[in-house]
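Reading through the structure tokens given below for one structure.
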Amino acid sequence: MTRSINTVEMNALRAWLKTARESQGLSMRALADRLDQPHSYVQRVEEGERRLDVVEFIWYCRALGLDALDGVREILKASEQA
């Protein structure tokens, strides 16, 4: 286990979340509004400067209309391929 925020798993999760946002035509600002957070919150998550804890991850998924379990599967898949 590492404390690094730039792991294969974190990169896969960030890519999954960003792709979902973009496929919905949402700007970072629009997603930030849904999360009741500043624009920089979404930007830092997507750029790998900020890690999401489990609860924040669930809120993030809900704001995008995603099933958080699908995100966990993305993490597991990335982990198995590493």
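Nothing in this text is a laboratory measurement; each read-out follows from the coordinates by a stated rule. These numbers were taken from a predicted model, which means no experiment stands behind them. No Cβ is skipped: glycine too gets one built from the backbone with ideal geometry, and neighbour counts run over all protein chains shown.
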I need the peptides 51-57, 6-12 ranked by packing, meaning the mean over residues of other C-beta atoms within 10 angstrom, with the highest value on top.
6-12, 51-57
Which value at 222 nm does the chain reach when only helices count, each DSSP H run of 4 or more adding -39,500 (n - 2.57), with the total divided by all residues and rounded to the nearest 500 deg cm²/dmol?
-21500 deg cm²/dmol
I'd like the orientation of helix 54-64 relative to the chain: the angle between its Cα long axis and the longest Cα principal axis, in ° from 0 to 90, rounded to 10.
50 degrees
